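Accompanying notes for the structure given below.
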Amino acid sequence: MNEEGPGDEISSQGGDPGGGGAPFDPDAVHAKYLAERDKRLVEGRAAIRDLTGDGVFARYQDDPFTPFQHRDRIRDDVDVVVIGAGIGGIVSGAELRRAGIAKIRLIDSAGGIGGTWYWNRYPGVMCDVESYIYMPLLEDLDYIPSRKYAFGDEIRSHLERIAEKFDLVRDALFHTVVERSEWDESDARWVLHTDRGDEIRARYVVMAVGILNLLKLPDIPGMELFKGRSFHTSRWDYEYTGGDMHSPMTNLADKAVGIIGTGASAIQCVGPLALSSRHLFVFQRTPSAIGERNNRPTPPDFAQPLGPGWQRERMGNFHSVLDGQSVPDLVDDGWTHHEAKVWSPRFEPGLSPEEFMLRAEEQDFEIMEQHRRRIDQIVEDPEVAEILKPYYRYLCKRPCFHDEYLPAFNRANLTLVDCPAGIERVTEEGLVCNGRAFSLDCIVYATGFEPEVTPFPRRAGHDIVGRRGVRLADKWADGPATFHGMMTSGFPNMFMMPAPGQQSVVTVNATFLNVEGAEHIAETIRLLDQRDIRIVDVRPEAEAAYVDGIVGSFRDVSAVMEACTPSRLNNEGNPKAMNPKSGAWGGGRGDLFGWLHMLETWRRAGDFEGLEIS
Ligand code: NDP
């Protein structure tokens, strides 16, 4: 196994959870965690600017990377329209090609292939899931990523190559927004209208709109007043900053820059920003838990022992480790060390439920202590170190992994601003936090994306109208209702890529879910075509039974999550409001292998049980 695996830096102070560190005093820990939570549980913390039709802020979504080109409107009739050209859309397209589908149109609002990897080009952008399991179809492309964690441009180029290989680019429509999808029963077609005046008819539609597609701007008083430059991390303004993803942003040498947010995006770009700016102010509401990254080039002999199917096996292995199974840890990183222990705690048998909960809490505490000690080891100023320490359970927030973020706080040109209650307001000159004004030339919003549980119809960004004129947004007004997490009754010939909050399963490696979902959808369409079936819909009773299964296995963990610092994982401090219909197959985060087995068995049976076909 890898001898330099993440976690070693903290093991110098106690090794894997269980050794060394501060003793676990449950009452003291609860009191500290709750006090830190309460600082952040302020009213309106989750308020966002709704960019739909927002005259002032809609520009934050504009594409700074590819010039808009005029084209004639299109009217045609294809086999499948795939909405979205990110990983989900591209692997869907690839699998549909493999299934023999001839006419496929990808449609995306971006100017090219890549989805989240098209938009996110901020300095330092990198995937924090191992590239060998995250970058899809490596075996098809005969490609081995250059390092364990790939930078964004390598991922984007790889996705472009997949799209070329499977001939998905020629017919793709970029800078095109679908405004309405409507089922036409008379013709057994979906009819899609776009903002470019297109009318595209399709036998099938695959919604691969992604889960990080709606950039999130907080609603801070005065945002429209700021006279300097401001942008979101997912639309990096290199025209203003100079430089690029890998080279210094020379235009910032005389600029004071403020970055709002300290999540997965911010921690990757703070280092490069600090190197380039005259001064960088990091406005932190909640500190992230930053584990070691230990990125490294792919060893020259990496591919040597790999046989056919190695990538899918490695993806499965990663999830098995997170599931707590006793298998070799091939990926061997912070996810498999820490997240696995928290997801799937394993203790000696015979513990009572109370003892189990206490042991799980203690283990979580020890993992967090390791993260806090790491900060003390790296950050020289004890006051700054204290502000950077995350005081909550590891399971409360998505963990981060980075090796250059914490050292940046030792730089003289970086100031950490502690604002647990959030930014107070924006002024013409800059930001105000805790009553103190900061004068800035530039504000970077590293404030993330609308959460996965954002209702799918909103993420799809347009009206989806099924049989008898029913809008999906209305049908799902009180939560999703699906069959297998990929189809919904009354919307024939429509598939949705599986996604968290949508009755499939939750995974750390979203690519795994995309690849499996794409295969299921493509194989289902292939089987339907083989039998000359023109219309396929979900039987209402089959959908009801599937939804009952989801709701019935929903585990109410609100008691634990309520004590968490507010985050999207606990519905911003309101876990009781979590909708059981947004749960996963098998309860909790879902039983991924059970779900995949169920899908495969269903496909193999070949009788389309639960579907109404004509
Ligand atoms: P996040 O949602 O993780 O972080 C947003 C940050 O903005 C948080 O620190 C948040 O504080 C802060 N914030 C939001 N509103 C305010 C406000 N009003 N005042 C002050 N601070 C505010 O967004 P990211 O873009 O960092 O990441 C989003 C997701 O993207 C990740 O969860 C991950 O799924 C994905 N991602 C994945 C990467 C990868 O390598 N695979 C890399 C980057 C992103 P608070 O924490 O208090 O809410």
remark   = Computed on Cα atoms, Rg of segment 349-472 relative to 2.2 N^0.38 Å comes out at 1.57
query = Based on the Cβ-Cβ distance from Leu225 to Glu43, what FRET efficiency comes out when R0 is 22 Å, to the nearest 0.05?
reply = 0.45
query = Normalised by the residues of the chain, what does the relative contact order come to in percent, with Cα pairs under 8 Å and at least six apart?
reply = 19
query = Near the amide H of Gly490, under 5 Å away, which other amide H atoms are found, from residues 5 or more places off or on another chain, if H is placed in the peptide plane?
reply = Val538
query = List the trypsin sites (Lys or Arg not before Pro) in segment 248-353 that DSSP assigns to loop (not H, G, I, E or B) and whose Cβ has at most 14 other Cβ atoms within 10 Å. Which are they?
reply = Arg278, Arg346
request  = Roll a 1.4 angstrom probe over the protein heavy atoms and tell me the percent of accessible area of the chain that is carbon or sulfur.
outcome  = 51
key: the chain: Cys lacking any partner C-beta under 4.7 angstrom   = Cys127, Cys269, Cys400, Cys442
query = Non-local amide H neighbours of Glu199 (under 5 Å, H modeled in plane, Pro and chain starts lacking H): which ones?
reply = Ile74, Arg75, Asp76
inquiry  = Among Phe365, Leu388, Phe68, whose Cα projects farthest towards the positive end of the dipole of the chain, with charges put on the beta-carbon of Lys, Arg (+1) and Asp, Glu (-1)?
reply    = Phe68
message = For a quick check of your reading of the filter: which GluC sites (Glu not before Pro) in segment 159-257 sit in a DSSP loop and have no more than 13 other Cβ atoms within 10 Å?
response = Glu185
query = Which whole-angstrom value gives the distance between the alpha carbon centres of segment 556-610 and segment 265-297?
reply = 32
Lysines whose Cα lies under 30 Å from that of Lys389, excluding same-chain neighbours fewer than 8 positions away = Lys32, Lys39, Lys148, Lys216, Lys255, Lys341, Lys397, Lys576
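Leaving ligands, DNA and RNA out of it, rank Ser558, Ser614, Ser582 by accessible area with a 1.4 Å probe, largest first.
Of Ser558, Ser614, Ser582, the descending order of accessible area is Ser614, Ser582, Ser558.
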task = Check the straight Cα-Cα distances from Lys475 and name the lysines below 22 Å, setting aside those fewer than 8 residues away within the same chain.
result = Lys581
query = Any idea how far the Cα center of segment 210-251 sits from the one of segment 344-370, in Å?
reply = 41
remark   = Only helices counted: for the chain, with every DSSP H run of 4 or more residues adding -39500 (n - 2.57) and the sum spread over all residues, [θ] at 222 nm is -9000 deg cm²/dmol
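Output the relative contact order of segment 125-172, whole-number percent, from Cα pairs under 8 angstrom with separation of 6+ residues. Don't jump to the answer; show the numbers that get you there.
Details: 33 pairs, mean separation 19.0, N = 48.
Result for segment 125-172 is 40 percent.
The values are calculated or read from the model by the stated rules, or taken from the named source; none is laboratory data. Predicted model, so just to flag it, every value in this text is computed and none were measured. Every residue, glycine as well, gets a Cβ built from its backbone with ideal geometry; the counts of neighbours run over all protein chains shown. To get the accessible areas, we keep the full protein, side chains included, count just its heavy atoms, and leave off ligands, DNA and RNA. Shrake-Rupley method; radii C 1.70, N 1.55, O 1.52, S 1.80 Å.
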